[in-house]
Amino acid sequence: MGLVTDAGRSARQRREISPQFGLMVIIVALCGVFTLKQPGYISPFNLFAMGRSLAVDVVIGFSQMVVLATGGMNLSLGSIGVCSVMLSGYLMQTLGLPVSIAFLLALALGGALGWLNGFAIVKSGVNSFVVTLASANLFSGAMLVLTRALPINGLPPTVSAIGSYKVFGLVSPTLLAATMLAVLLFVFFRYSVSGKEMLAAGGNPRAATMSGVPVNRSIILSHMLSGVLAGVAGLMVVVRVGAAIPSVGGGDWLLPSFLGPVLGGVALAGGFVSVTGTLLGAMLVTVIRSGLLVLDIGNFWLQLFLGLFLLAAVLAQRYGGVFRRRPR
Amino acid sequence: MIALRRLIATEWAGLGLIFVLGSVLSALLSPSFFTEFNIYVMLRSASVGMLVAFAQMIVLAVGQMSLAVGALGGLVAVLFGAMLELLGLPLLVAIALALLIGVAGGLINGALTAATGISSFIVTLATGSVFTGINLGLTQSKPFHGVPPDFVAFGDARWSFMPALLWPPLIVAPLLAVFLYRLKPGRRLLAVGGNAYAAELSGISPAAMVVLAHAISGGLAGLAAVLAVAQLGAAQPEIGNTWLLISFAGPIIGGASLNGGSVSILGAMLAVMVIALIENTLVLVKVDPYWVQFALGALVLLTVGLNRWRATHAAKT
């Protein structure tokens, strides 16, 4: 018995490491190319800016990853994120609540909207793709009606102070928060009962149900978690911009949210997550985005590069897999 | 009674009823609803939507999905504009080439999905991003205005309440029906969508059908893009940005199965009409335009839930 699990684990570890090693090589190589072309790429100023946007990309990736774990997907995370953004702005500016309480309530809204998604999926039995596609429009529609698409600019100075604060003169606190979330998620999926139940529900719902895993509860929980994480990503943008803007998130988060996990080797089929992989995938997204910016290539071509990288990555994984004989 | 029950059981009957009741309600809410011009406006806005819905429907039929319908439409629209303005090609040549570009984009989607076995969701998310990237990179987000006046006039033309723009979807719909229900490739396409394994055992190549479905979808997206250019009077790079929801809402509200093998052409058309009706009514009664997005999301959730409930209910009795 012990032998079997050990073999299973080492096989999994091999599987987990190889694509990530490839990703790391690509990231380092790209950083090298960008630095050669434009030495300012690794200036403290640019590294700080990259760290701030990396934090957002990482958390968006996690928000998608936790739902992918159960074999579902969440197309509404951008809409949930912007709902949290606008609520936090309303609470701070109009109601004058302290920043910490406003942020907590905004995250609670994210969790509540995620719960709605999960509840609708479980109760109706309708595919998570359709439910979250519809709820994305529902959420952002409601947000636009309530805010009239007007930004909230008069936030307390603490907010932008957090955004421009530099730990050790280089690192944004948002990046530290993202790293902390990575550790928490790693522990959650590897050691906690709820985390393992989520993976079981995603891997094989029938078998999971038969062995007493509350599959429906796991799905709802994964969507709540996804909603809270989308809220975290939204608040990171609030802190960076120093205002609550209704054009944050929305459809713009869709591609990056899948890029991180899929580049990192998380399958759409469910039952498997890779926190480090998602982290590296998000890092690649940030490196490319910032590189194109520094080289002055312009944001218009960004989408093309991100799409090509996603395509190249899934193809590499697919054909790498033929040689490595992936299980399943 | 049995006839009535059978009518209710057909997928599109409920939609037809919703459309009729909705129209009556709109007419009561606003006297300008039942005017020739308003019905023309409503039908005109539904024309592009129907083709977008068909473009998604044909991919759903084979059991896949395409997130790239809108992105491909946007790319075709700007290339169409470029062919007219920069190359000065004759209109009909430009239209033919635009449709070919659409088919080529669809072929890329289909070939990548079929050859690699990677989920169509991921493949089309990636290719969609590539299409949008090329579109934005080439145009720098600026539209092409050099569209022949005749073509713009076609976009505005009407006969009483009937817009000229509605003709293409009205011609495409029966062609699609004949293809899917009478011709061998169409039957095979649906068979692969219903059960790919069984279809393969009976000698059908699922890969070929997947490629075929995506190619047709690309052509339909291209046609939708050409109509959108006629409707807007310029080749806007933003064409296709908002197609994602309607592309799925049309076929799915219309009764298509996400698992493949079953679609309803009439259902998809009625669903797009219902959506156009809702948008039109909200504008007429001067509701905040942001409610439209909310209403669309709610409508999809409601009908999908209802369909689900009806299916389980019908199975019990």
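Key figures for this structure:
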| item | result |
| --- | --- |
| Residue under evaluation residue B:308, criteria (1) in a helix (DSSP H, G or I); (2) crowded, with 21+ Cβ neighbours inside 10 Å; (3) within 12 Å of another protein chain (Cβ to nearest Cβ), criterion not met | (2) |
| Pick from the stretch A:99-138, criterion hydroxyl-bearing (Ser, Thr, Tyr) and open to solvent by 20 Å² or more (accessible area, probe 1.4 Å), ranking: nearest to residue B:294 (Cα to Cα) | A:124 |
| Per-region count, the stretch B:221-245, residues β-branched (Val, Ile, Thr) and within 14 Å of chain A (Cβ to nearest Cβ) | 1 |
| Of all residues in the stretch B:90-123 being within 14 Å of chain A (Cβ to nearest Cβ), outside any helix (DSSP H, G or I) and of a type outside the set (Val, Ile, Thr), the one that is least open to solvent (accessible area, probe 1.4 Å) | B:119 |
| For residue A:150: the one exception among (1) away from chain B (no Cβ under 14 Å); (2) open to solvent by 30 Å² or more (accessible area, probe 1.4 Å); (3) touching a residue at least 24 places away in the same chain (Cβ under 8 Å) | (1) |
| Residue check for residue B:160: away from chain A (no Cβ under 14 Å), surrounded by fewer than 16 Cβ atoms within 10 Å (Cβ to Cβ) and hydroxyl-bearing (Ser, Thr, Tyr) | yes |
| When residues of the stretch A:78-93 are limited to those that are more than 14 Å from chain B (Cβ to nearest Cβ) and in contact (Cβ under 8 Å) with a residue 40 or more places away in the chain, the one most open to solvent (accessible area, probe 1.4 Å) | A:90 |
| Residue B:303 being without any contact (Cβ under 8 Å) to a residue 12 or more places away in the chain, on the phi < 0 side of the Ramachandran plot and in a helix (DSSP H, G or I) | no |
| Odd one out for residue B:220, checked against (1) of a type outside the set (Phe, Trp, Tyr); (2) buried (at least 24 other Cβ atoms within 10 Å of the Cβ); (3) in a loop (DSSP other than H, G, I, E, B) | (3) |
| Set A:218, A:226: member being under 20 Å from residue A:258 (Cα atoms), open to solvent by less than 30 Å² (accessible area, probe 1.4 Å) and polar (S, T, N, Q) | A:226 |
| Qualifying residue in the stretch B:255-265 (condition: part of a helix (DSSP H, G or I) and modelled with pLDDT of 90 or more) | yes |
| So residue A:157, is it farther than 15 Å from residue A:228 by Cα, more than 10 Å from every other protein chain (Cβ to nearest Cβ), surrounded by fewer than 22 Cβ atoms within 10 Å (Cβ to Cβ) and free of Cβ contacts under 8 Å to residues at least 12 places away in the same chain | yes |
| Number of the condition not met by residue B:296 [criteria: (1) open to solvent by 20 Å² or more (accessible area, probe 1.4 Å); (2) in contact (Cβ under 8 Å) with a residue 40 or more places away in the chain; (3) more than 13 Å from chain A (Cβ to nearest Cβ)] | (3) |
| Selection count where residues are within 14 Å of another protein chain (Cβ to nearest Cβ) and surrounded by fewer than 19 Cβ atoms within 10 Å (Cβ to Cβ), scope the stretch B:246-277 | 3 |
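Yes or no, residue by residue, for (1) away from every other protein chain (no Cβ under 14 Å); (2) in contact (Cβ under 8 Å) with a residue 40 or more places away in the chain; (3) surrounded by fewer than 24 Cβ atoms within 10 Å (Cβ to Cβ):
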position	(1), (2), (3)
A:222	yes, yes, no
A:251	no, yes, yes
A:263	no, yes, no
A:281	no, yes, no
A:287	yes, yes, yes
A:304	no, no, yes
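The values are calculated or read from the model by the stated rules, or taken from the named source; none is laboratory data. The shown structure was predicted, so the numbers you read here are calculated from the model rather than taken from an experiment. Because the Cβ atoms are built from the backbone with ideal geometry, glycine has one as well, and the counts that use them run over all protein chains shown. Calculation scope for accessible area: heavy atoms of the full protein, side chains included, ligands and nucleic acids excluded. Shrake-Rupley method; radii C 1.70, N 1.55, O 1.52, S 1.80 Å.
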